[in-house]
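The values are calculated or read from the model by the stated rules, or taken from the named source; none is laboratory data. As the structure is a computational prediction, the values presented were derived from the model and not from experiment. Positions of Cβ are generated from backbone atoms using ideal geometry, with glycine treated the same way; all protein chains shown enter the neighbour counts. Protein only, heavy atoms only, side chains kept; ligands, DNA and RNA dropped before computing areas. Shrake-Rupley method; radii C 1.70, N 1.55, O 1.52, S 1.80 Å.
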Amino acid sequence: MARPGPDGPARSAGDGGTPRWPARPAPARQDPGRGGQSSEPAWTGTKVLEFGTGAAGPIAVRYFAEHGATVVRVESRSRPDFLRTYGLGPGNPCGLEGSDMFDALNVGKLGVTLNLKHPQGVALAKRLVQWADAVAENFAPRAMRSFGLDYASMVAEKPDLVMVSSCLQGQTGPHKDYPGFGGQGSALGGYNLLTGWPDREPVGPYGTITDSLAPRFVASALAAGLLYRRRTGKGVHLDVSQVEAAVYSLTPWVLDFDVNGHVGSRQGNRSERAVPHGAFACAGEDRWVAVAVWDDDDWGRLAGAMGLDHDVVRRFATFEARRAAVHEVEALVSAWTASRRPEDVAETLQASGIEAVPVADLGDASADPQLHHRHHFVTLEHPCMGECGYEHNGFRLSDAPAGFTRPSPTLGEHNDYILGEVLGLGARERQRLLDDGVLE
């Protein structure tokens, strides 16, 4: 597996690829873009215990790791996170430790392996629940119940337990036990119907959208739960449905149906309120610029920048005229952008007050001076994959630094620390647990 790091092109594990520019090692707890703070990260002292797999849970808890919380991720050697299996392949000597996706989503966390099908494994997990300030999990509801680690079982032992559960369709209802992924969430939530071209089948958004969307709700809910406990001393169970998060995020389309009885569908890159509105091909291979014209004044400025004839400008002077001839309007824009670099088009149109930006690919993003100014990318050394690139989460706090002090954990990397230092088990007991398969 390989991923574009912040310091160069895609690099496979162990291939020793040459960075595009000098590496920038991350100091312990750096401030991404502010500088000068001496305070601690916002969630310093908070302890989060994480169960789950895939992306939705790990992305949410990653916020807390970046901002100072101690996050312990519980895994299993006998049934590893499926994201780890992405690293398996003939060209990757790291095996389960070589998944770039797992590494990116779990940076900054500690890792312990427990066999939750073994009674002693569950007993150790329950002790870690007592240690933690919060528990986060994204299994289907029946999984945590089968382990005896669901909220109803644990709150009797820890009344102030703060726990967030994020599965596809929530903890209740007829479909609660359906173990789906973000691809299903995209379809059930309405994204697939809205994404694509009107004369073709739904294609859905790139990637598993609810796996990326729901974690924002999960992280906010978990933060609220922790603050609620600080104020009241009480625990709370936070139940987040990925599908409901998706539907909520499409509120304009929901309201359009509720109020007007209109079912929105695919429009490609077009808008019902702006013409032209889309991505237009530019000079170079697969290079594009996004342009949006929201009113008639915008159109006049765009036409002026493009040097259109006065008759053409007047013909399409109103939104209704442009919408009625949208294909022709788009063809005019495409003819103008085709021989120009996207950066030049964007600069020209922005100077005229028109919304226009280059359509960036990941190579563009990795070289973006704005992102580097804000120290969006950070380089850390992974035990097997070597130097890897990671990203900050995109927001800054004015009075608290943030950052990652370690890459993702290898399987069981911190067993001795967590079982020994946190739970107080001696070396002989830890070896017995290992021999008995409790740490598998």
Problem set entry | Single unsatisfied condition, PRO93 versus (1) open to solvent by 40 Å² or more (accessible area, probe 1.4 Å); (2) in a helix (DSSP H, G or I) | (2)
Problem set entry | Selection within the range 96-111 - closer than 30 Å to SER220 by Cβ and either touching an Asp or Glu at 6+ places or on another chain (Cβ under 7 Å) or part of a loop (DSSP other than H, G, I, E, B) (or both) | SER99, PHE102, ASN106, VAL107, GLY108, LYS109, GLY111
Exercise. Quick one: which of LEU116, LEU168 is among the aliphatic types (A, V, I, L, M), under 23 Å from ILE59 (Cβ atoms), surrounded by 18 or more Cβ atoms within 10 Å (Cβ to Cβ) and more than 26 Å from the chain's Cα centre (by Cα)?
Worked result: LEU116
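For the range 77-90, give me each residue that is outside any helix (DSSP H, G or I) and under 23 Å from the mean Cα position of the chain (by Cα). Break it down into steps so the answer makes sense when it comes.
Quick first cut of the range 77-90, residues outside any helix (DSSP H, G or I) only: 77-83, 88-90.
Listed by number, the residues that qualify are PRO80, ASP81, PHE82, LEU83, LEU88.
Given the criterion open to solvent by 50 Å² or more (accessible area, probe 1.4 Å), within 15 Å of ASP296 (Cα to Cα), among the acidic types (Asp, Glu) and part of a helix (DSSP H, G or I), identify the matching residue among GLU343, GLU328, GLU320, GLU347. First the steps, then the outcome.
Working: GLU343 fails: within 15 Å of ASP296 (Cα to Cα); GLU328 fails: within 15 Å of ASP296 (Cα to Cα); GLU347 fails: within 15 Å of ASP296 (Cα to Cα).
Answer to the check: GLU320.
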Exercise. Quick check, is VAL129 open to solvent by less than 30 Å² (accessible area, probe 1.4 Å), free of Cβ contacts under 8 Å to residues at least 60 places away in the same chain and of a type in the set (Val, Ile, Thr)?
Worked result: no
Problem set entry | The lone exception for HIS392 - which of (1) closer than 14 Å to THR113 by Cβ; (2) open to solvent by less than 20 Å² (accessible area, probe 1.4 Å); (3) touching a strand residue (DSSP E or B) at 6+ places or on another chain (Cβ under 9 Å) it fails | (1)
For this session: Give the range 257-294 a look and list any residue that's open to solvent by 70 Å² or more (accessible area, probe 1.4 Å) and not polar (S, T, N, Q), or say none.
Result: PHE257, ASP258, VAL259, HIS262, VAL263, ARG270, GLU272, ARG273, GLU285, ASP286, TRP288, TRP294
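In the list TRP299, TRP336, which residue meets the criterion of being in a helix (DSSP H, G or I), touching a strand residue (DSSP E or B) at 6+ places or on another chain (Cβ under 9 Å) and touching a residue at least 12 places away in the same chain (Cβ under 8 Å)? Steps first, please.
Numbers: TRP299 fails: touching a strand residue (DSSP E or B) at 6+ places or on another chain (Cβ under 9 Å).
Among TRP299, TRP336, only TRP336 is in a helix (DSSP H, G or I), touching a strand residue (DSSP E or B) at 6+ places or on another chain (Cβ under 9 Å) and touching a residue at least 12 places away in the same chain (Cβ under 8 Å).
Is one or more of the residues making up the range 176-186 under 19 Å from GLY57 (Cβ atoms) and aromatic (Phe, Trp, Tyr)? Give the steps one after another, and end with the answer.
Going through the range 176-186, the residues under 19 Å from GLY57 (Cβ atoms) turn out to be 176-186.
Applying the additional criterion that residues be aromatic (Phe, Trp, Tyr) yields 178, 181.
Checking the range 176-186: at least one residue is under 19 Å from GLY57 (Cβ atoms) and aromatic (Phe, Trp, Tyr).
Condition check ((1) among the charged types (D, E, K, R); (2) open to solvent by 80 Å² or more (accessible area, probe 1.4 Å); (3) touching a Leu at 6+ places or on another chain (Cβ under 6 Å)) across all residues:
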site: GLY189; (1), (2), (3): no, no, no
site: THR195; (1), (2), (3): no, no, no
site: TYR206; (1), (2), (3): no, yes, no
site: PHE217; (1), (2), (3): no, no, no
site: ALA224; (1), (2), (3): no, no, no
site: TYR228; (1), (2), (3): no, no, no
site: LEU238; (1), (2), (3): no, no, no
site: SER241; (1), (2), (3): no, no, no
site: GLU244; (1), (2), (3): yes, yes, no
